[in-house]
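Read through the structure below, which is laid out as structure tokens, and then see the notes.
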Amino acid sequence: MTDTTQLEEKIAHLTRTVEDMSDIVARQETEIASLLRRVEMLMQRSAEQELDVGGTAVLADQRPPHW
């Protein structure tokens with residue numbers, strides 16, 4: 001096998017790996033966006049329930065102190 005052939009095989013393998021990783025990252029981005037929407041919805045529900053029982057409003061739009 002020539003050096004050129006070996007390099008072409010390596011490039012093809014690396015290209016496939018990058019494409020696979022790109023697909024994974026795109027899927028994760030969609031999943032993260034969905035999870036963030038769900039967390040926001042749950043925080044809002046929790047804040048509404050807290051108000052319903054006579055408590056103070058939970059500041060659902062504020063990040064926890066560890067962020």
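Length gained on full extension, Met41 to His66: 6.9 nm, using 0.36 nm per residue less the C-alpha separation. As a calculated quantity, the FRET efficiency between Ala26 and Glu50 at R0 = 30 Å, using C-beta atoms, amounts to about 0.25.
Quick note: the coordinates plus some simple rules give every number you see, no bench work behind them. If you're wondering where the values come from, they're calculated on a predicted model, not measured in any experiment. Cβ atoms come from the backbone with ideal geometry, glycine included; neighbour counts cover every protein chain shown.
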